[in-house]
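First the structure, in the form of structure tokens, and then the observations on it.
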């Protein structure tokens, strides 16, 4: 990249002039400030002592030597201790000639060990919701970004298909479902089971309320908490749910059959949502298949003396000497917890894939959980526990506050996608974006715009930040939105179509040597794409990709306004600008693919 080329040139020129090699870590270039002429600037103050001259002399001598050494420097100027370098048009044109037809520009060949990335991780007691959308889009996009950087990525999903929350839905269906099915109700299976999860919570709260003492409202806060805890412990519903979990772990045939039936309803529903969302997995793990391995690791830890059993039969790991807490690994009745199955799943993945990294895409409320997971594994002698990385992200909030699955206040992923399509149709029709399209083409456009708007809105923000999602804001053909980028791509395609209609065919050869300001600016931006792609992978941040395509779209629209394309009288210049259009469109598609966003050809 440019900075590395300049760094090597600077070091070579410095050695020629002063017979010394400057520390490479101090040779840092940055973009020249807009009030000065130049593309890149280096501060020479750190090298004054080594060169034995004042800053201004050093900068002038270095600028002259760098021009002598390489034709990539057109000219330079010095402002005190700042050396401003203007990169030659030849350098930028050589780059453009070499890459304007390269549809893999910026991507690296695959090499190295596997990287396992877990995302989605739904529970089988409810449909995918708004928070799952951020998780899935982030996990899928980071996977694609790392693949584009040459990593061998294995995308995995861990389905939480067992536990007390699953039993709540099952018990509610047994008590109040009257044998209903997705077919008999016309509901997706995941939505149907989610309704019973909400129903259980409603009935549970009603029962707890009936068990509270008559003077509950007159009690102080501490007494209220104690009374409520007592009522919850006495709840027959909760006792029945816990008994069902014990039967499940004991392989009770009736409980297992019901569990398998209801889970399959949910899986069928999940598959529909995943396809609509455009995400997929290389392998799906199920907690019901990994928790036993986790239990065996807990037993190993007991035998090694790194875990201990309390008097009530529960098993714990004491991490207080590492500044953490004691962590429960098995309940007193022998049933497992999330940590148990995470131990087993991690062990299984290391055996299957021997990865250099195990990346978990999970909300930031689980930061402590993954810190504990790493330490527990290391205590078990699994040093690869240090290779676990928690890619945390902020929660998604609505304008009216947080979502709660038990209370049925979540926004289902399916409902949100339906709303995005409807909004895309309404906005597109109002602006006439689909007026020349057939009904089939128009429906495809609404789908592309709606999903593109949603994905861009979710991914353009720093993953670690809590986000407020407002669907209306995301579908706007102006500003930092997916539809703005999509419209820019469609505009470029329109220009290229018109050129073809006029009998102008794109050529491979580039016949211009000099660059006008806007031509140079857009080529400079495209030159920086490989660095952006690399940084996005290192930071696990699709936001960097989103910001790049937005900036590139803005830059193209300025180029489009200031540089005549089809009406340019000089044939070579006209062809060159069409080649620029073609490379920008290809790069917008290439980069947007990493976010899962489609680029329409017509709007």
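The values are calculated or read from the model by the stated rules, or taken from the named source; none is laboratory data. Fair warning: this is a prediction, and the values are worked out from it, not measured in the lab. Because the Cβ atoms are built from the backbone with ideal geometry, glycine has one as well, and the counts that use them run over all protein chains shown.
A few comments on the model shown:
- Close contacts from segment 158-173, counting a first residue that is under 21 Å from residue 268 (Cβ atoms) and not assigned by TED's automatic domain parsing to the domain that holds residue 202 and a second that is crowded, with 23+ Cβ neighbours inside 10 Å and modelled with pLDDT of 95 or more, with Cβ to Cβ under 6 Å and a gap of 6+ residues or different chains, come to none at all.
- Unique match (being in a helix (DSSP H, G or I), under 25 Å from residue 88 (Cα atoms), without any contact (Cβ under 8 Å) to a residue 12 or more places away in the chain and out of contact with any strand residue (DSSP E or B) (no Cβ under 9 Å at 6 or more places or on another chain)) among 561, 579: 561
- Residues that are surrounded by 17 or more Cβ atoms within 10 Å (Cβ to Cβ) and in contact (Cβ under 8 Å) with a residue 40 or more places away in the chain, drawn from segment 44-72: 61, 62, 65, 66, 72
- One residue from 521, 509 being surrounded by fewer than 18 Cβ atoms within 10 Å (Cβ to Cβ) and closer than 30 Å to residue 458 by Cβ: 521
- Any hit, segment 565-583, residues being over 30 Å from residue 393 (Cα atoms), under 28 Å from the mean Cα position of the chain (by Cα) and in the same structural domain as residue 514 (by TED's automatic domain parsing): yes
- Restricting 283, 304, 295 to those that are touching a residue at least 12 places away in the same chain (Cβ under 8 Å) and out of contact with any strand residue (DSSP E or B) (no Cβ under 9 Å at 6 or more places or on another chain) reduces the list to 304.
- Meets criteria (under 28 Å from residue 574 (Cα atoms), surrounded by 17 or more Cβ atoms within 10 Å (Cβ to Cβ) and out of contact with any helix residue (DSSP H, G or I) (no Cβ under 7 Å at 6 or more places or on another chain)) for residue 487: yes
- Here 120, 169 are screened, and the one residue that is touching a helix residue (DSSP H, G or I) at 6+ places or on another chain (Cβ under 9 Å), modelled with pLDDT of 95 or more and assigned to a loop (DSSP other than H, G, I, E, B) is 120.
- Looking across segment 329-359, the residues that are surrounded by fewer than 15 Cβ atoms within 10 Å (Cβ to Cβ), modelled with pLDDT of 95 or more and not in a helix (DSSP H, G or I) come down to 354, 356.
- Those helices (runs of 4 or more DSSP H) lying entirely in segment 410-495 with at least 1 residues free of Cβ contacts under 8 Å to residues at least 12 places away in the same chain and within 20 Å of residue 596 (Cβ to Cβ): 413-431, 439-459
- Filter pass, residue 321 being over 36 Å from the mean Cα position of the chain (by Cα) and either assigned by TED's automatic domain parsing to the domain that holds residue 373 or in a strand (DSSP E or B) (or both): no
- Pair list, Cβ under 6 Å, 6 or more apart: segment 387-405 residue within 25 Å of residue 371 (Cα to Cα), other residue in a loop (DSSP other than H, G, I, E, B) and modelled with pLDDT of 95 or more: 391/540
- Lone unmet requirement of (1) surrounded by fewer than 24 Cβ atoms within 10 Å (Cβ to Cβ); (2) farther than 18 Å from residue 358 by Cβ for residue 146: (2)
- Filter pass, residue 141 being within 14 Å of the chain's Cα centre (by Cα), assigned to a loop (DSSP other than H, G, I, E, B) and at pLDDT 95 or above: no
- Checking each residue in segment 449-467 for being modelled with pLDDT under 90 and over 12 Å from the mean Cα position of the chain (by Cα) picks out 465, 466, 467.
Table: residues versus (1) under 30 Å from residue 449 (Cα atoms); (2) touching a residue at least 60 places away in the same chain (Cβ under 8 Å); (3) surrounded by 13 or more Cβ atoms within 10 Å (Cβ to Cβ).
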site	(1), (2), (3)
181	no, yes, yes
204	no, no, yes
211	no, no, yes
221	no, no, no
226	no, no, no
231	no, no, yes
238	no, no, yes
256	no, no, yes
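- Lone qualifier among 136, 123, 114 - being under 30 Å from residue 394 (Cβ atoms), outside the structural domain of residue 250 (by TED's automatic domain parsing), in contact (Cβ under 8 Å) with a residue 12 or more places away in the chain and within 21 Å of the chain's Cα centre (by Cα): 114
- Meets criteria (within 15 Å of residue 170 (Cβ to Cβ), surrounded by fewer than 17 Cβ atoms within 10 Å (Cβ to Cβ) and not assigned by TED's automatic domain parsing to the domain that holds residue 452) for residue 300: no
- Qualifying residue in segment 183-196 (condition: closer than 15 Å to residue 241 by Cα and either surrounded by fewer than 21 Cβ atoms within 10 Å (Cβ to Cβ) or free of Cβ contacts under 8 Å to residues at least 24 places away in the same chain (or both)): no
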